[in-house]
1. If a residue counts only when it is of a type in the set (D, E, K, R) and more than 28 Å from R158 (Cα to Cα), which helices (runs of 4 or more DSSP H) contained entirely in the stretch 1-73 have at least 2 such residues?
2. List the residue pairs whose Cβ atoms are under 8 Å apart, where the first residue sits in the stretch 174-190 and is of a type in the set (A, V, I, L, M, F, W, C), the second is loosely packed, with under 14 Cβ neighbours inside 10 Å and part of a helix (DSSP H, G or I), and the two are 6 or more positions apart or on different chains.
3. Yes or no: W90 aromatic (F, W, Y), under 21 Å from the mean Cα position of the chain (by Cα) and surrounded by 13 or more Cβ atoms within 10 Å (Cβ to Cβ)?
4. Has the stretch 202-219 got at least one residue that is over 21 Å from the mean Cα position of the chain (by Cα) and in a helix (DSSP H, G or I)?
5. Pull up the stretch 148-174, narrow it to residues that are more than 21 Å from P73 (Cβ to Cβ) and not hydrophobic (A, V, I, L, M, F, W, C), then point me to the one that is farthest from the chain's Cα centre (by Cα).
6. List the number of the failed condition for E78; all other conditions in (1) free of Cβ contacts under 8 Å to residues at least 12 places away in the same chain; (2) touching a helix residue (DSSP H, G or I) at 6+ places or on another chain (Cβ under 8 Å); (3) part of a helix (DSSP H, G or I) hold.
7. Can you tell me how many residues in the stretch 38-51 are buried (at least 18 other Cβ atoms within 10 Å of the Cβ) and in contact (Cβ under 8 Å) with a residue 24 or more places away in the chain?
8. Looking only at the stretch 170-198, how many residues end up being open to solvent by less than 40 Å² (accessible area, probe 1.4 Å) and in a helix (DSSP H, G or I)?
Amino acid sequence: MDGVSHGSGPIDVYVDGLAAALRGPRRHRHDMLTEARDSLLDAAEAYADAGHDPLDAQRRAVADFGAHRQVVPAYQAELAMLQGRRVSTWIALVLPVMTLLEPLMWWRTSWSTDDRASHVYWVLVDHFQYTSFLAAGAAGLAVVGFGWGSRFLRDGLRYARLVGQAAVVFLGMHALLGATVFALSLHQWPAAATWPPVLIGMLVNTAAFGYAGCLAVRCVAAARTPRPRPATV
């Protein structure tokens with residue numbers, strides 16, 4: 001792009017400020033910033049071709065693009081929606097699969113029918129399973145909201161924030177319930193602590209819940225009301 005400089009000019013300062021203000025999925029954020037930079041450079045090139053000096057061309061391109069306080073909210077809402085859809089999809093798809101596969105942890109043992117198990121234990125087990133499927137269904141509806149239903153949302157940022165907060169609360173409570181069930185299992189059947197399927201199952205569950213928790217926290221962070229930093233150009 002002849003006539004348009006690259007380095008620490010107005011466009012670079014503007015895009016750096018945009019990068020500092022935005023939070024969300026790294027790849028999508030990078031694509032947004034790349035697209036913004038390319039648009040600014042194209043506009044600056046047009047001004048340069050019209051006879052403006054390179055520095056003034058960049059300043060005019062930045063002014064036409066809009067101040068950070070004008071463009072950041074829309075960008076941030078899109079990133080928050082993407083992050084919300086990511087955590088909702090993970091919960092909707094992975095949670096029911098994990099729940100259906102959990103009986104394999106007790107495969108070829110008599111523990112699942114052992115009369116040493118307390119009534120409370122089986123109530124907790126049933127509750128864990130039911131809430132898993134209910135949460136997966138709710139997450140599936142949230143995915144629809146992030147996709148087809150987004151056209152009816154007036155505030156995508158708020159929707160993503162509510163979904164992220166609900167996911168954080170649910171995952172925290174569900175993980176606590178799962179840990180309680182596991183602790184009771186070891187109390188009632190000490191041999192389960194050395195049973196390979198149980199150990200493997202707990203590692204898989206911990207990893208899946210941990211990843212879901214990270215996605216949920218990132219969703220909440222991405223859905224915070226952005227406070228753009230003023231750019232000095």
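The values are calculated or read from the model by the stated rules, or taken from the named source; none is laboratory data. All values derive from a computational prediction rather than experimental measurement. A quick note on method: Cβ atoms are made from the backbone with ideal geometry, for glycine too, and the neighbour counts reach across all protein chains shown. The protein model used for the area step is the full one, side chains on, heavy atoms only, and it has no ligands, DNA or RNA in it. Shrake-Rupley method; radii C 1.70, N 1.55, O 1.52, S 1.80 Å.
1. 26-49, 54-65
2. Going by the 8 Å Cβ cut-off, the qualifying pairs are L177/H127; L184/V120; L186/A193.
3. yes
4. Yes.
5. H174
6. Against the list (1) free of Cβ contacts under 8 Å to residues at least 12 places away in the same chain; (2) touching a helix residue (DSSP H, G or I) at 6+ places or on another chain (Cβ under 8 Å); (3) part of a helix (DSSP H, G or I), E78 comes up short only on (1).
7. Final tally of qualifying residues: 5.
8. Qualifying residue count, the stretch 170-198: 10.
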